[in-house]
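Okay, structure first, notes after.
The values are calculated or read from the model by the stated rules, or taken from the named source; none is laboratory data. Treat the numbers as computed from the prediction; the structure is a model and nothing was measured. Glycine also receives a Cβ, built like all others from the backbone with ideal geometry; neighbour counts cover every protein chain displayed.
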Amino acid sequence: MRANCWIGKHDMRVQNVPDPKILNDRDAIVRITSTAICGSDLHLYNGFIPTMESGDIVGHEFMGEVIETGRGVQNLQKGDRVVVPFPIACGSCFSCQHGLFSVCENSNPNAWMAEKMWGHSPAGLFGYSHLLGGYAGGHAEYARVPFADVGPIKVPEELTDEQVLFLSDIFPTGYMGAEMCDIQPGDTIAVWGCGPVGLLAMKSAFLLGAERVIAIDRFPERLAMAREKTGAETINYEELSVHDALKEMTGGRGPDACIDAVGMEAHAPGAIGAYDRAKQAMMLETGRPVALRQAIMACRNGGTVSVIGVYGGFIDKFPMGSVMNRSLKIRTGQCHVQRYMRPLLDRIQRGEIDPSFIITHRMRLEDAPEGFAMFLKKQDDCIKIVLKPH
Amino acid sequence: MELQTNRRHAESRPDESQHSQEEQLANGLGWFSIGLGLAEVAAPRAVARLAGLENKGRTRTTLRFYGFRELAAGIGILSQPRPAGWMWGRVAGDLMDLASLGSALSSDDNNRAKVATATAAVVAVMALDVRCGQQLSNGRDGGGMTKNSGTSVTKTVVIGRPPEEVHRFWRDFSNLPSFMKYLDSVQITGEGRSHWKTRALGGKTVEWDAELVEDEAPTRIAWRSLDGSEIHHSGSVRFERAPGGRGTLVRVEMQYVPPGGAVGASLAKLFGFAPGQQVAEDLRRLKQFMETGEVAKSDASIHRGMHAARPAE
Ligand SMILES: NC(=O)c1ccc[n+]([C@@H]2O[C@H](COP(=O)([O-])OP(=O)(O)OC[C@H]3O[C@@H](n4cnc5c(N)ncnc54)[C@H](O)[C@@H]3O)[C@@H](O)[C@H]2O)c1
Ligand SMILES: [Zn+2]
Ligand SMILES: [Zn+2]
């Protein structure tokens, strides 16, 4: 089959690779009809995620048709149309039983690597380094889906691929980002990052009852989409001081909750940018936590900082004093996608939301490498790319 | 438990001299940190030039900050009796920061050749850090090698199944190879008797007969190799009810005393892990098997060695 492979930093190639096989009884093989490039894939592309091997198949947002099932998979049949969640989860361990699917205790065969880096291991993920399992990803014609009796959700024929594809990751992720804010009537939520994840967090914040949402980014087309498609007010951080603007907009108190939908590769202008960039050059910091620092400082006393942007290792100048002295709550995690797929599919079916509004580009799988380059540089007003392997 | 095991064997540890070598290396790296730190604090302009960074006032101030940090790390390493933790801190920093240095390479403001040289230097330092961290950690993972008593390991895992079930699974020794990676087979040869066979290592399989020495359902099983075996192996496992109805706390203790040392050592290190890590991995697979009915496999984990995560031929 054809698959989009990570060769090295800023080097993706579509190559011929063997077709996947059933390895365990609870596996299924899915023929992929749609798959997407995620902001998380950019962290791989930019070489920020360790333990990638040249030739790894990437991609963790995908859906398609079941073409084969292992003996242990009773709930799926050949021909079923399914969306696959990006964390691989067994459904029966302590974490899974508590709905914490992205920290499943049993799905990472390379857990020891993750333990060395993070103390304990989270779940295995599709196409996201050996540290997180070494699973082949979904930028391919076919994929093997472990624990297929737990993860994939069947989707009805009347919904298009584009309407349901994002149940695999970014819609649940944005939703969880908003849910972690514990939104009360009248709340104002600020969201750093108007990428797909941020935009869906904004939509979700309104769905969950927020009164106002304030979106922060610098790309005019993304800020425009935040305004027009989600109803958020916007701040262009290249034009305004984010901290002062948020204060002004909230009567000096600050937003009730702040969502970091940017992560470890935040764009860092000005003096603080020079600081972080120089630190990176001296290899003393792995992420540029610019948005996270701002989110903490801006949040109102006793408010919540919800971190869904991805961080990999260590960050510096983390304003713990602000967190502690002002009774802030920090909530975070890779999304527990399995927990949200059913209720969010229901919302899509009821017409409460159609997450396909973020799609700006559709491409063939063969064009994935150009897609990565374009998405990285946000060229051609690129917000979300969907790939069609078949 | 683990600590006790280590302490028990501490006196006969044969690699004491080797440890002092590693500590010398750690000390060297500690001084490297201090040297770099001092340079950054005292001569940020020169350091910026060396690293190929923009030579602005801001950069220099920043470099001074790093300098203080390096100093702290260096002092941390030098002041620890066994600085493994600090060393792994350095490795983690090296690793992640190398990745970040990549982004400096692509920034137009910085001198690429120089940043590349800085990268090469860090790679070299990292190699030292890794070696040193590994060596310092060896024998801290609950599995130390000693001349007289061989390898002794204690590890635990919580399995979300009742003790009766986990005990029943383990008590049938022919199940052990399903999660103990170095075992090829265990055959039941009689009442309380079994025949164990390892996978081939370096073309050689090791076999021995073992007998059950304790059997208290559902709390404890212990076994040991029969006298005259090529390898002296004994083990015990305890099954306790985990608090809060969370299944079973499994506690394993194993010893291998190799004949000449070599086989046992390579046996324990068959899969490239220190012995404690090997047993930990075995228990993880046991947990996967008991909780999910299968051992998790990925495209990259089914074959040994480093290779791409994609389906096998
Ligand atoms: N937690 C999860 O489960 C999960 C799932 C998917 C994605 N993510 C993460 O979410 C993040 C965003 O993903 P995406 O697909 O939307 O990526 P994206 O690259 O399209 O969006 C990131 C946006 O952040 C903006 N940004 C950069 N620096 C900023 C700053 N200092 N202040 C404000 N905005 C800034 C960028 O301009 C961009 O629009 C990534 O870190 C990704 O890894 C997390
Ligand atoms: Zn994603
Ligand atoms: Zn699980």
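A few remarks follow.
- Among the residues of region A:29-72, those that are away from ligand 2 (no atom under 16 Å from the Cβ) and either outside any loop (DSSP other than H, G, I, E, B) or buried (at least 22 other Cβ atoms within 10 Å of the Cβ) (or both) comprise A:I29, A:V30, A:R31, A:T33, A:G64, A:E65, A:V66, A:I67, A:E68, A:T69.
- Count of residues meeting criterion [among the charged types (D, E, K, R) and within 11 Å of ligand 3 (Cβ to nearest atom)] in region A:70-92: 0
- Residue within region A:14-24 that is more than 7 Å from every other protein chain (Cβ to nearest Cβ), within 30 Å of A:I359 (Cα to Cα), free of Cβ contacts under 8 Å to residues at least 24 places away in the same chain and in contact with a strand residue (DSSP E or B) (Cβ under 7 Å, 6 or more places away or on another chain) present: yes
- Within the option set A:E105, A:E157, A:E141, being at pLDDT 95 or above, crowded, with 24+ Cβ neighbours inside 10 Å and more than 19 Å from the chain's Cα centre (by Cα) holds for one residue only, A:E105.
- The listed residue being within 16 Å of ligand 3 (Cβ to nearest atom) and more than 14 Å from chain B (Cβ to nearest Cβ), out of A:P152, A:P156, A:P196: A:P152
- Note on region A:222-278: among residues that are among the aliphatic types (A, V, I, L, M) and within 14 Å of chain B (Cβ to nearest Cβ), the one that is nearest to A:G47 (Cα to Cα) is A:M264.
- Of all residues in region A:81-95 being more than 16 Å from ligand 2 (Cβ to nearest atom) and more than 13 Å from every other protein chain (Cβ to nearest Cβ), the one that is nearest to the chain's Cα centre (by Cα): A:V82
- Selection within region A:157-206 - within 14 Å of ligand 1 (Cβ to nearest atom), of a type in the set (F, W, Y) and over 14 Å from A:M341 (Cα atoms): A:W192
- Of note, A:L42 satisfies the criterion of being closer than 17 Å to A:Y311 by Cα and not aromatic (F, W, Y).
- Extreme residue, nearest to ligand 1 (Cβ to nearest atom), among residues of region B:275-313 that are of a type in the set (S, T, Y) and modelled with pLDDT of 95 or more: B:S298
- Of everything listed in (1) closer than 29 Å to A:V386 by Cβ; (2) touching a helix residue (DSSP H, G or I) at 6+ places or on another chain (Cβ under 6 Å); (3) surrounded by 24 or more Cβ atoms within 10 Å (Cβ to Cβ), the single unmet condition for A:Y128 is (2).
- Qualifying residues in region A:268-301 (those that are at pLDDT below 90 and within 18 Å of the chain's Cα centre (by Cα)) - the one surrounded by the fewest Cβ atoms within 10 Å (Cβ to Cβ): A:G287
- Considering region A:96-120, and only residues there that are more than 8 Å from chain B (Cβ to nearest Cβ) and part of a loop (DSSP other than H, G, I, E, B), the residue that is farthest from ligand 3 (Cβ to nearest atom) turns out to be A:G119.
- Residue match in region A:178-187 (condition: more than 30 Å from B:V158 (Cβ to Cβ), crowded, with 24+ Cβ neighbours inside 10 Å and assigned by TED's automatic domain parsing to the domain that holds A:T304): yes
Conditions (1) more than 16 Å from ligand 3 (Cβ to nearest atom); (2) at positive phi; (3) touching a helix residue (DSSP H, G or I) at 6+ places or on another chain (Cβ under 7 Å), marked per residue:
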{"position": "A:C5", "(1), (2), (3)": "yes, no, no"}
{"position": "A:N24", "(1), (2), (3)": "no, no, no"}
{"position": "A:S34", "(1), (2), (3)": "yes, no, yes"}
{"position": "A:N46", "(1), (2), (3)": "yes, no, yes"}
{"position": "A:E53", "(1), (2), (3)": "yes, no, no"}
{"position": "A:F94", "(1), (2), (3)": "no, no, no"}
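- Of all residue pairs spaced 6 or more apart or on separate chains, those with beta-carbon atoms under 6 Å, a first member in region A:43-58 that is among the aromatic types (F, W, Y) and a second member that is not in a loop (DSSP other than H, G, I, E, B) are A:Y45/A:F372; A:F48/B:A99.
- All positions within region B:220-241 that are aliphatic (A, V, I, L, M), in contact with a helix residue (DSSP H, G or I) (Cβ under 7 Å, 6 or more places away or on another chain) and in a strand (DSSP E or B): B:I221, B:V237
- Of the residues making up region A:160-168, none is more than 14 Å from ligand 2 (Cβ to nearest atom), charged (D, E, K, R) and either in a loop (DSSP other than H, G, I, E, B) or at pLDDT below 95 (or both).
- Of all residues making up region A:34-53, the number that are more than 9 Å from chain B (Cβ to nearest Cβ) and near ligand 1 (Cβ under 10 Å from one of its atoms): 9
- Summed over region A:326-346, residues that are surrounded by fewer than 20 Cβ atoms within 10 Å (Cβ to Cβ) and in contact with a helix residue (DSSP H, G or I) (Cβ under 7 Å, 6 or more places away or on another chain) total 2.
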